[in-house]
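Asks: My questions all concern the structure below.
The values are calculated or read from the model by the stated rules, or taken from the named source; none is laboratory data. All values reported here derive from a predicted model rather than from experimental measurement. Here the Cβ is made from the backbone with ideal geometry for all residues, glycine too, and neighbour counts use every protein chain on show. Heavy atoms of the whole protein, side chains included, go into the accessibility calculation; ligands, DNA and RNA do not. Shrake-Rupley method; radii C 1.70, N 1.55, O 1.52, S 1.80 Å.
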Amino acid sequence: MVLELQGVCFEIGGRQTLKGVNLSVGGSCMLCVMGASGAGKTTLLKLIDGLIKPSEGGILLFGKELASYKRRELARILSYVPQFAPFETRLTTEEYLITARFAYMNLFGSLTKTDRDEIDKALALTGTEGLRDRDISTLSGGEMRRVMLASALAQSPQVILLDEPTVYLDPKGAVEILLLLQRIYQSGITVIMVTHDVNQALLFGSDFAGFKNGAIFFHESSVKYILDNELIDTLFDMRFHKVYHPADQTLQLVPAK
């Protein structure tokens, strides 16, 4: 098992934002985490990344307590693409990706051929080669999302966490990123993605977790089971119509009026 959360709770300011979460995630999957705003999705990612610590419970990464990993060691295994762009900086895209290789650098901070190859590969995979010399403070929202994903890939991780990876992207750009994430998980990397877009999740994900009021409402791999039991309706406390495209029968969920 790649990741296990065992009775995880998180409390801040006297409010419990996660409540007794038990979740197991295997390898080579794309887990799409869904739920209304404030359901605890981003908190979940920050806990898995070790940015915050659970109030109760434990987290195992490849069978080892997450808290026992040194930060440099963890950065070789896991990368995190946050919802918002990093603080303003004068780094170029290439310089920004170089910082993603810190876990592999020697004491002098010099790059090896492997480092440069991984950076080049990440730029190519995300279609950001043309942004290599651009100051990242000049990038559009969509361009920055791609560069942030490139930075995560440059870490050569076994697990990638993403918080709303298609925010700011136009429809074509969003589909390109989701297809890329599919290829990534099919290559053996575990992808855990938070999204509000249920259609993107159900079309591109392999596994699905619904969070409601800080707890897991469902964890399933069957889209049919989720739809037949109207779990999305209950998750968001609203009705959805199931609509099938006449050309290829692709399913879309449309909010009912």
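Asks: Report for the chain the percent antiparallel among DSSP-assigned beta bridges with both residues inside it, nearest 5.
Replies: Around 60 percent antiparallel, to the nearest 5.
Asks: Ok, one more. Counting only residues 5 or more places away or on other chains, whose amide H sits under 5 Å from the amide H of F218 once H atoms are built in the peptide plane?
Replies: Hits under the 5 Å cutoff: G210.
Asks: Then there is this: Which of rounded, prolate or oblate describes the range 46-173 when judged by the alpha-carbon gyration tensor and an a/c cut-off of 1.5? Could you put the intermediate results ahead of the total?
Replies: Details: a/c = 2.06, a/b = 1.33, b/c = 1.54.
It is oblate, given that a/c is not under 1.5 and a/b is not larger than b/c.
Asks: To the nearest Å, what is the center-to-center distance of the range 1-76 and the range 118-146, using C-alpha atoms only?
Replies: The two parts, judged by their Cα centres, are 29 Å apart.
Asks: Could you pull out the pairs from K172/K212; K46/K212; K41/K224 whose alpha carbons sit more than 20 Å apart here?
Replies: Working: K172/K212 30 Å; K46/K212 17 Å; K41/K224 23 Å.
In this structure, K172/K212; K41/K224 lie more than 20 Å apart at Cα.
Asks: Could I ask something else about it? Kindly rank 93-99, 144-150 from highest to lowest mean number of other beta carbons found within 10 Å of each residue. The partial results should precede the final answer.
Replies: On the way: 93-99: 20.3, 144-150: 24.6.
Per-residue Cβ counts within 10 Å, averaged per peptide and sorted highest first, yield 144-150, 93-99.
Asks: About the Cα centre, and with charges only on the beta carbon of Lys, Arg (+1) and Asp, Glu (-1), how big is the dipole of the range 79-221? Nearest 20 debye, please. Intermediate results must be reported in sequence, preceding the final value.
Replies: Numbers: 12 positive and 18 negative charges, 30 e Å.
That gives a dipole near 140 debye.
Asks: If you line up the long axis of helix 171-186 against the longest principal axis of the chain, both from Cα atoms, how many degrees apart are they, to the nearest 10?
Replies: With rounding to tens, the tilt is 80 degrees.
Asks: Does the range 108-257 come out rounded, prolate or oblate by the C-alpha gyration tensor, with a ≥ b ≥ c the root eigenvalues, rounded set by a/c under 1.5 and, if not, prolate when a/b is larger than b/c and oblate if not? Can you show the working numbers first?
Replies: Working: a/c = 2.36, a/b = 1.97, b/c = 1.20.
It comes out prolate by the Cα gyration axes.
Asks: Once phi is turned into ³J(HN,Hα) by the Karplus curve 6.51 cos²θ - 1.76 cosθ + 1.60 with θ = phi - 60°, what whole-Hz value does each residue of the range 146-159 show in order, with x for glycine and proline?
Replies: 5, 5, 5, 5, 4, 4, 4, 5, 5, 6, 6, x, 9, 9
Asks: Helix 113-125 versus the longest principal axis of the chain: what is the Cα-based angle in degrees, 0 to 90, to the nearest 10?
Replies: Orientation of helix 113-125: about 40 degrees from the principal axis.
Asks: Let me ask another. Quick one: which residues, 5 or more positions from L91 or on another chain, have an amide H under 5 Å from its amide H? H modelled 1.01 Å from N in the peptide plane, none for Pro or chain starts.
Replies: It is I136, by chain and number.
Asks: Taking P(r) over Cα pairs in 10 Å bins from 0, in percent as the quantity of interest, determine which of [x] 7, 29, 35, 22, 7, 1, 0; [y] 6, 25, 31, 21, 12, 5, 0; [z] 6, 28, 38, 22, 6, 0 was computed from the displayed structure.
Replies: Identified label for the calculated read-out: [x].
Asks: What list of ³J(HN,Hα) values in whole Hz, one per residue of the range 199-204 in order, does the Karplus curve 6.51 cos²θ - 1.76 cosθ + 1.60 (θ = phi - 60°) give from phi, with Gly and Pro shown as x?
Replies: Listing the rounded values in order: 5, 4, 4, 5, 7, 10 Hz.
Asks: At a 1.4 Å probe radius, carbon and sulfur cover how many percent of the accessible area of the range 39-131? It would help to have the intermediate numbers written out before the result.
Replies: Values: 2910 of 5090 Å².
Taking all protein chains in place, the range 39-131 shows 57 percent carbon and sulfur surface.
Asks: Let me ask something else. Could you give the distance between the Cα centres of the range 185-199 and the range 150-167, to the whole Å?
Replies: Centre-to-centre (Cα) distance: 10 Å.
Asks: Could you tell me what percent of the DSSP beta bridges with both partners in the range 136-227 are antiparallel, to the nearest 5?
Replies: About 50 percent, rounded to the nearest 5.
Asks: Go through the range 15-27 residue by residue and turn each phi into a ³J(HN,Hα) via Karplus (6.51, -1.76, 1.60, θ = phi - 60°); whole Hz please, and just put x for glycine and proline.
Replies: Those phi angles translate into 10, 8, 8, 10, 10, x, 7, 10, 8, 10, 10, x, x Hz.
Asks: Sticking with this one: Classify the range 181-257 as rounded, prolate or oblate from the Cα gyration tensor: take a ≥ b ≥ c as the square roots of its eigenvalues, call it rounded if a/c is under 1.5, otherwise prolate when a/b beats b/c and oblate if not.
Replies: Working: a/c = 2.10, a/b = 1.17, b/c = 1.80.
Here the range 181-257 falls in the oblate category.
Asks: Taking only protein heavy atoms and a 1.4 Å probe, what accessible area per residue, in Å², does the range 1-108 have with all protein chains in place? Present the calculation step by step, with values, prior to reporting the outcome.
Replies: Numbers: 5440 Å² over 108 residues.
That works out to 50 Å² for each residue.
Asks: From the residues T42, A67, T89, which one has its Cα farthest along the dipole of the range 9-97 in the positive direction, the dipole being from +1 and -1 charges on Cβ of Lys/Arg and Asp/Glu about the Cα centre?
Replies: A67
Asks: What does the accessible area per residue of the range 170-213 come to in Å², with a 1.4 Å probe and no ligands, DNA or RNA counted? Intermediate values should be presented prior to the final figure.
Replies: Numbers: 1680 Å² over 44 residues.
Using a 1.4 Å probe on heavy atoms only, each residue of the range 170-213 averages 38 Å².
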